[in-house]
Amino acid sequence: MKSINDITNFIFFENNLKKADIIFIPGGSYAELGEKAAELWKNNYAPCILPSGKYSPKYGYFPSPSSKTDEYNNAYNTEWDFFYDVLIKNGVDKNTILKENNAENTYENAFKSRVVTDKLGLNIRRAIICCKNFHARRCLMYYKWAYPDSELIICPCEVQGINKSNWFKTDKGIERVMGELTRCSSQFKEYIKEFAE
């Protein structure tokens, strides 16, 4: 069905990997994002990693990891603390992990990361974003808003067994993907106005 293909191509965005100045992790509780970032760092795709995130205001605390709880089972105060642990356990040098632990949504992940990189005087010409696969488009839109002059490379990670080939076959997949489509249409009014000027 063409409409399903159109939604799939819009939401499940992905780029070919290139070496970059930084790897961003836009919050969350899935270990796969941190593991992918660590793999990229170890393969010299970027010299530093910036995980971002406090916790969802829906909970008011970091509840627990959403995957691989047998491997990552410490008490985590924030999403940043969780990803820091994932990165360290996967061989990343602690001195290359930057810190942003106040963001509570994707918009804040992007713009508070920009505050961190600006304070450090980092010139982000190209960045890799490790995110959930069905979160790719929204991450790209927000980080492009925060880093309009940077080339952004989306490196998506599959979580919850949802991917571009099967999302429309389960209630869970449909809920996740259509939820992202709704957010992309509702959250970007100001973004569109700004870039249309």
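The values are calculated or read from the model by the stated rules, or taken from the named source; none is laboratory data. Since the model is a prediction, treat every value here as computed from it, not as a measurement. We place every Cβ from the backbone using ideal geometry, glycine too, and count neighbours over all the protein chains shown.
Taking into account only those residues within the range 32-78 that are basic (K, R) and over 17 Å from the mean Cα position of the chain (by Cα), which is farthest from I129 (Cα to Cα)? Before you say what the answer is, go through the steps one by one.
The initial filter retains those residues of the range 32-78 that are basic (K, R), namely 36, 42, 54, 58, 68.
Add one more test, that the residue is over 17 Å from the mean Cα position of the chain (by Cα), and what stays is 42, 58, 68.
On the way: K42: 16, K58: 24, K68: 21 Å.
Across the range 32-78, the extreme among qualifying residues is K58.
Filtered by the rule that a residue be of a type outside the set (G, A, S) and surrounded by fewer than 20 Cβ atoms within 10 Å (Cβ to Cβ), the range 142-151 gives K144, W145, P148, D149, E151.
Given the structure, is N123 within 25 Å of P65 (Cα to Cα) and either surrounded by fewer than 20 Cβ atoms within 10 Å (Cβ to Cβ) or touching a residue at least 24 places away in the same chain (Cβ under 8 Å) (or both)? No: the conditions fail for N123. Pairing each residue of the range 132-153 that is without any contact (Cβ under 8 Å) to a residue 24 or more places away in the chain with any residue that is surrounded by 20 or more Cβ atoms within 10 Å (Cβ to Cβ) and part of a helix (DSSP H, G or I), provided the two are 6+ apart or on different chains, yields C-beta distances under 9 Å for K144/A110.
Taking E35, is it modelled with pLDDT of 95 or more and under 23 Å from F111 (Cβ atoms)? No; evaluated as a whole, the condition is false for this residue. Residues in the range 170-187 that are at pLDDT 85 or above and among the basic types (K, R): K172, R176. Output yes when any residue across the range 68-83 is within 20 Å of Q160 (Cβ to Cβ) and small (G, A, S), and no when none is. For the range 68-83, residues within 20 Å of Q160 (Cβ to Cβ) and small (G, A, S): absent.
Does at least one position in the range 120-138 carry a residue that is closer than 17 Å to A37 by Cβ, among the basic types (K, R) and in contact with a strand residue (DSSP E or B) (Cβ under 7 Å, 6 or more places away or on another chain)? Break it down into steps so the answer makes sense when it comes.
Let us first name the residues in the range 120-138 that are closer than 17 Å to A37 by Cβ, namely 122, 124, 126-133, 135-136.
Going one step further and asking which of them are among the basic types (K, R), we end up with 126, 132.
Remaining after also requiring in contact with a strand residue (DSSP E or B) (Cβ under 7 Å, 6 or more places away or on another chain): 126, 132.
Yes, because at least one residue in the range 120-138 is closer than 17 Å to A37 by Cβ, among the basic types (K, R) and in contact with a strand residue (DSSP E or B) (Cβ under 7 Å, 6 or more places away or on another chain).
Table: residues versus (1) among the aliphatic types (A, V, I, L, M); (2) closer than 30 Å to K169 by Cβ.
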{"position": "N5", "(1), (2)": "no, yes"}
{"position": "N9", "(1), (2)": "no, yes"}
{"position": "E32", "(1), (2)": "no, yes"}
{"position": "E39", "(1), (2)": "no, yes"}
{"position": "N43", "(1), (2)": "no, no"}
{"position": "L50", "(1), (2)": "yes, no"}
{"position": "P63", "(1), (2)": "no, yes"}
{"position": "D85", "(1), (2)": "no, no"}
